[in-house]
Amino acid sequence: MPDQYKVASVFGGTGFLGTQVVRELAAAGFRVKVATRVPERAYDLKPCGVVGQIVPCACHYSDEESIRAAVKGCCVVINATGILFEKGKSTFAKVHTDIPAAIAKTCAEENVERFVHISALGVEEAQSKYARSKAEGEDRVMEAFPHATILRPSVLFGPGDDFFNMFAEFARFVPALPLVGGGKTKFQPVFVGDVADAVMKAVTLPLSGENNPQGRVYELGGPEVLSFKELYERMFACTGQKRYLVSIPFGMAKMKGAIISGASKCVGIITGLTPRPMLTADQVETLKTDSVVSEGALSFSELGLKPTAMAAILPSYLSRFRKGGRFGDKKSA
Ligand SMILES: NC(=O)c1ccc[n+]([C@@H]2O[C@H](COP(=O)([O-])OP(=O)(O)OC[C@H]3O[C@@H](n4cnc5c(N)ncnc54)[C@H](OP(=O)(O)O)[C@@H]3O)[C@@H](O)[C@H]2O)c1
């Protein structure tokens with residue numbers, strides 16, 4: 001690779017959003033370090049660039065020098081690490097607060113030009129541990145690197161997402177799905193590719209003038225605001241599944257969430273595996289707050305982008321859940 005290529009580092013570059021960001025950075029001509037705890041997870045990304053353009057970079061977050069090695073020589077750093085539930089030493093405080101703060105501090109020390117931090121919508125209001133750790137993470141990032149750009153997406157959708165795929169998979173085995181708190185919580189699902197585009201704007205827009213993304217927070221939601229119940233209905237329209245929706249009050253859902261996550265932990269201890277709990281008490285708490293773009297917030301339009309409609313993407317990957325698979329409803333020739 002010629003030396004004039006700009007170098008970017010993506011922490012969490014092996015994740016759902018991170019992989020899209022790595023691909024877009026490579027397509028834009030960046031050399032990309034994929035900072036990951038397990039370098040093998042980044043191997044699949046290497047063919048997305050020319051030889052040597054995308055490089056896995058082992059990162060042990062407890063070791064400051066390891067973070068520094070991933071940041072050194074970069075003009076752009078993106079943090080897309082995150083977890084949905086706590087597991088062993090992977091606590092919300094560590095992953096959403098301490099790690100972003102350590103990356104931001106290192107970026108400042110290493111004179112990185114742009115740092116983009118991925119947070120989440122609604123974290124200022126929600127009272128869950130997840131939300132509070134994310135909100136504190138934003139504060140610590142801004143303290144250490146005041147020119148950071150913070151992106152707060154609503155729930156992400158796209159092939160391989162953790163939301164629609166999980167519920168559609170679950171619906172294959174059960175006759176009913178839960179409507180926590182009556183399913184009234186509002187979301188503004190956003191296409192993962194659009195959030196990756198927003199990251200690219202944050203790393204390429206000029207640093208002078210009114211569009212300068214530095215030191216700004218952008219709230220990213222798709223074109224539609226839907227309740228949880230309406231999200232299920234959209235999903236069923238794509239999968240052809242017909243399931244009952246059972247309303248569960250927040251209090252009862254929290255109890256069930258605690259039981260489910262407790263049971264998952266026990267299974268994990270006994271088997272050595274770490275099954276993903278479908279619902280935790282903390283996620284129920286998060287569901288008490290809407291995940292929608294707030295009035296007057298900076299969003300896609302300020303980045304010169306237009307978000308993609310769910311209808312354009314959902315059928316492409318949810319149709320596999322239809323009876324008979326994706327061609328199940330086609331008449332044979
Ligand atoms: N998905 C959504 O609907 C959604 C909605 C709002 C906000 N967000 C935020 O967007 C960002 C990306 O989300 P995503 O869906 O792409 O997440 P993801 O697929 O779960 O990937 C997250 C990445 O975080 C890293 N990670 C996980 N546990 C870690 C730990 N204990 N220590 C350090 N790194 C760890 C992993 O990298 P390695 O295993 O390779 O180290 C993984 O690639 C996150 O900040 C998330 O909170 C996501």
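Each reported figure results from applying straightforward, stated rules to the coordinates on display, with no laboratory input. Being a predicted model, the structure only gives us computed values, none of them experimental. Heads up, the Cβs are rebuilt from the backbone with ideal geometry, glycines too, and the neighbour counts pull from every protein chain shown.
So the values come out like this:
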read-out: DSSP loop GluC sites (Glu not before Pro) with at most 13 other Cβ within 10 Å excluded, longest remaining stretch of the chain; value: 1-124
read-out: Sites Asp139 and Glu230 - FRET efficiency at Förster radius 22 Å, r taken between beta-carbons, to 0.05; value: 0.10
read-out: Hypothetical label at Ala27: residues of the stretch 204-219 whose amide nitrogen lies under 20 Å (7 Å Cα-Cβ projection); value: 204-206
read-out: Ascending count of other beta-carbon atoms within 10 Å, so fewest first, for Val225, Val180; value: Val225, Val180
read-out: Difference of contour (0.36 nm per residue) and Cα-Cα distance, Ser319 to Asp162; value: 54.9 nm
read-out: Loop-located chymotrypsin sites (Phe, Trp or Tyr not before Pro) in the stretch 171-234, at most 13 other Cβ atoms within 10 Å (DSSP); value: Phe173
read-out: Per-pair calculated FRET efficiency, R0 = 41 Å: Leu245 and Glu113 via Cβ, rounded to 0.05; value: 0.25
read-out: Extended-chain gain in nm, criterion 0.36 nm per residue less alpha-carbon gap, Val50 and Glu169; value: 39.2 nm
read-out: Sequence-distant lysines (8 or more away, or on other chains) whose Cα lies within less than 18 Å of Lys46; value: Lys6, Lys33
read-out: Phi to ³J(HN,Hα) by Karplus 6.51 cos²θ - 1.76 cosθ + 1.60 over the stretch 204-217, Hz, x for Gly, Pro; value: 10, 4, x, 8, 10, x, 6, 8, 4, x, 5, x, 10, 10
read-out: Of all DSSP beta bridges in the stretch 65-160, antiparallel share, percent nearest 5; value: 10 percent
read-out: Considering only the chain, percent of DSSP beta bridges that pair antiparallel, nearest 5; value: 10 percent
read-out: Potential extension, Glu302-Lys72 segment - 0.36 nm per residue separation minus Cα distance; value: 79.8 nm
read-out: Cα gyration tensor shape for the stretch 81-168, rounded if a/c is under 1.5, else prolate or oblate; value: prolate
read-out: Gyration tensor (alpha-carbon) shape descriptor, the stretch 35-77, a/c threshold 1.5; value: oblate
read-out: Convex hull projection area averaged over all views, the stretch 15-116, Cα basis, nm²; value: 6.3 nm²
read-out: In order through the stretch 294-300: 3J(HN,Hα) via Karplus (6.51 cos²θ - 1.76 cosθ + 1.60), integer Hz, x for Gly, Pro; value: 7, 3, x, 6, 5, 8, 4
read-out: Using a Förster distance of 30 Å, the FRET efficiency for Glu124-Lys6 (Cβ separation, nearest 0.05); value: 0.35
read-out: Net charge of neighbours whose Cβ lies under 11 Å from the Cβ of Phe321, counting Lys and Arg as +1 and Asp and Glu as -1; value: +4
read-out: Sequence-separation-based contact order of the chain, relative, with Cα cut under 8 Å and 6+ spacing, percent; value: 17 percent
read-out: Along principal axes, Cα extents of the chain, largest first, whole Å; value: 57, 50, 45
read-out: Loop trypsin sites (Lys or Arg not before Pro), the stretch 1-110 (other Cβ atoms within 10 Å of the site Cβ: 12 or fewer; DSSP); value: Lys89
read-out: Phi-based couplings in Hz for the stretch 171-185 (Karplus 6.51, -1.76, 1.60; Gly and Pro marked x); value: 5, 5, 10, 10, x, 9, 10, x, 10, 5, x, x, x, 8, 4
